[in-house]
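Shown next, in structure tokens, is the structure this report addresses.
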Amino acid sequence: MRSLLTLLRRPLLHVAGLSLFVNLLLLVPALFMLQVYDRVLASQSADTLIVLLVGVGVAMALMLALDYLRSRLQGVAGNLLAESLSPAVTRIAMVEGARRAGRPMSEGLRDVAALRALFSAQGLLALFDAPWVLVFVAVIWVAHPLMGMVAAGAAVLMLVLALANDLMTRRQIEAVQRAAAGATRYLETSLQNAEVAQTMGMTDALIARWRAKNAEVGAMQRPAASRSVAMTALTRTVRQGVQVLMLAVGAWLVITAQATPGVMIAATILLGRALAPIELAVGSWRVLAEGRAAFRRLGEAFAAAAAEPERMALPAPVGKLTAMGLVWRAPKAERVILAGVSLHLDPGESLAVVGPSGAGKSTLVRLLTGVWKPTAGTVRLDNADLSLWPREDLGPWIGYVPQDVELFPGTVAENIARLGQVDPAKVVEAAQRANAHELILSFPDGYDTQIDPTGALLSPGQRQRIALARALYGDPRLLVLDEPNSNLDGAGELALGETLRALRGRVTVIVVTHRTTLVQHVDKMLVIEGGRAQHYGPTADVMRALQQAGAPAGGGQVVAMPRPVPSGAAAAAAAAAAATAAAATSAAMETMSTGGAS
């Protein structure tokens, strides 16, 4: 935020400088009235009046130009602020969103919008004009000390009203902001499940809940709005009353021959001008308070982000992955989701993670990719703590297929290229490695087919296969697949099995699955139940242990993937070995499906 203030310093200094000249020119109407009453009317000189009118006209034209220019500069400052903050806020929100922590992205962007609205509001210009109250009061004091004291007292009274307005409404405005953000967040979340709500007739119930939340916001907003409106009306009334009092004091001075009528009128006009910025600031207090709260929240977010030190770039990883004593507890929760899980994979080794629902499998993969930070323990890639890797440098070396596949608006090729510059050769190579090339060619426009994340052009299984191609784009050294076969049909599962066989020994692979049809394609196996590792080691050893001791509930039956049939004696030997492995695997998985305890 300090760098942002440095960026805004120049336009704001220009606004302050223009405010100097604008407020000096605002003295012209008062001086004009002084001259008209004390000279023109006394001398009955039309020429003097014409000269004064010409001079005032020039001054007003100049003030119009300067006031327009400072308002435009204020808008430029707001645009600079939005353009500078939006990317950084989005980046922070993406990080926090991936960690399922912090405020949603839309709230940070709404804070940016609140600051931008602040820079387009007249209330901010009123703050630049407010220091000129002292100048106007001093000019009135020079005209006559009694009128100066009245002006000074009026300025102090208006300032007290402004501070009282702040004290009375600050906490309520911030509470209303939080409640309104919660209601908006509820609606946004509900719209993400619009298909389910519409299908099952839940729309009216969702709208009723949203309206109830809005009603709570309205109930909180009414007292704050009432107080704010009351303070605005009181401030306006006080300003009018003070001007009447000033006019009365001036008239008394004229009657007692201590001042001229021109001084009386000029002092009254100057007092109105002196108090106008305070009245405008009170009237715009809600915008000012929201902008101040948004600035504070963004400052806290940037301060937290700045706590992450910049990391030195590391050489390309080879894929050695080690996790030691991983523990993860959800923020503000007591229950430990993952407790003491350790594993080690050499470059090119593969691991299957199996277990029942809620065992902590997805939590483990988020820790292994560095998206989440463990509560305790470390994850090391090539012996370097994963937190030491700059995410921009690490990302290209990791392929990831999440449990809920997320594709982005754009073409199939752009999605596979991770929204970067599309290299046709690399895109096709990734699709071929994922055995999705023929599938993509069957689309209406092939690789140029437009993807609508909310549309129905692609089935869940097709999206999953495109996500696998995206994960294999470039040259990833670590591939993490969270239930990559959950939506696949038989052909898709065969293609996935072929991909895993081709990657074996070349890319470090972690496969998380409920269905254990893929375990025959991996080197190691990890069984998790209740957040703890029950079995870990070479696949054959773990399968034997499961067969002997029983398996955690939630497993599924293993179906051996078809393999190319060799010829001759080798074919007979391979068939016998495959039959033996399939029998052992089926027996173990049958035990898993019965829910025996290991």
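The values are calculated or read from the model by the stated rules, or taken from the named source; none is laboratory data. Note that the structure is a prediction, hence the values are computed from the model and not measured. So basically every Cβ, Gly included, is an ideal-geometry build from the backbone, and we count neighbours across all protein chains shown. With ligands, DNA and RNA removed, areas are computed over all heavy atoms of the protein, side chains included. Shrake-Rupley method; radii C 1.70, N 1.55, O 1.52, S 1.80 Å.
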Practice prompt. Return the whole-Å distance between the Cα centroid of region 20-72 and the Cα centroid of region 433-447.
Written response: 75 Å
Worksheet item: Once region 209-301 is represented by equal point scatterers at the alpha-carbon sites, with solvent omitted, what log10 I(q)/I(0) does the Debye formula produce at q = 0.12, 0.16, 0.18 Å⁻¹?
Response: -0.60, -0.80, -0.90
Worksheet item: How many angstrom lie between the C-alpha centres of region 528-546 and region 353-405?
Response: 20 Å
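Across the chain, where is the longest run that never hits GluC sites (Glu not before Pro) in a DSSP loop with at most 16 other C-beta atoms within 10 Å?
Working: sites that count: 310, 334, 406.
In the chain, the maximal stretch lacking such sites is 1-309.
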Fill in: Among beta bridges that DSSP assigns inside the chain, antiparallel share in %, nearest 5
55 percent
Worksheet item: Based on Cα positions only, what radius of gyration and what Dmax would you give for region 122-164, in angstroms?
Response: 11.3, 32
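Averaged per residue, what accessible area in Å² does region 303-403 show with a 1.4 Å probe, protein chains only? Working shown, then result.
Values: 4630 Å² over 101 residues.
I get 46 Å² per residue for region 303-403.
Compute for the chain: radius of gyration divided by Kirkwood radius, i.e. Rg/Rh, restricted to C-alpha atoms, rounded to two decimals.
On the way: Rg = 35.9 Å, Rh = 30.1 Å.
In the chain, Rg relative to Rh is 1.19.
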Fill in: Unit Cα scatterers, Debye sum, region 355-399: log10 I(q)/I(0) for q = 0.20, 0.25 Å⁻¹
-0.67, -0.93
Worksheet item: Roughly how compact is region 323-475, stated as its Cα Rg over 2.2 N^0.38 Å to two decimals?
Response: 1.18
Item to complete: Evaluate 2.2 N^0.38 Å with N set to the residue count of region 1-81, then give the Cα radius of gyration divided by it.
Response: 1.57
Worksheet item: With θ set to phi - 60° and the Karplus curve 6.51 cos²θ - 1.76 cosθ + 1.60, what are the ³J(HN,Hα) couplings of region 480-486 in order, to the nearest whole Hz, using x for Gly and Pro?
Response: 10, 10, 9, 6, x, 10, 5
Worksheet item: What's the angle, to the nearest 10 degrees (0 to 90), between helix 132-143's Cα axis and the longest principal axis of the chain?
Response: 10 degrees
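Order 437, 521, 344, most accessible first, counting only protein heavy atoms with a 1.4 angstrom probe.
Values: 437 40, 521 0, 344 60 Å².
If we order 437, 521, 344 from most to least accessible, we get 344, 437, 521.
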Worksheet item: How much of the accessible area of the chain, in percent, comes from carbon and sulfur atoms when a 1.4 Å probe is used?
Response: 62 percent
Worksheet item: Among the aspartates and glutamates, which have Cα under 17 Å from the Cα of residue 426 when same-chain residues fewer than 8 positions away are ignored?
Response: 414, 438, 448, 475
Worksheet item: Can you list the lysines whose alpha carbon is less than 25 Å from that of residue 332, not counting same-chain residues fewer than 8 positions off?
Response: 213, 361, 373
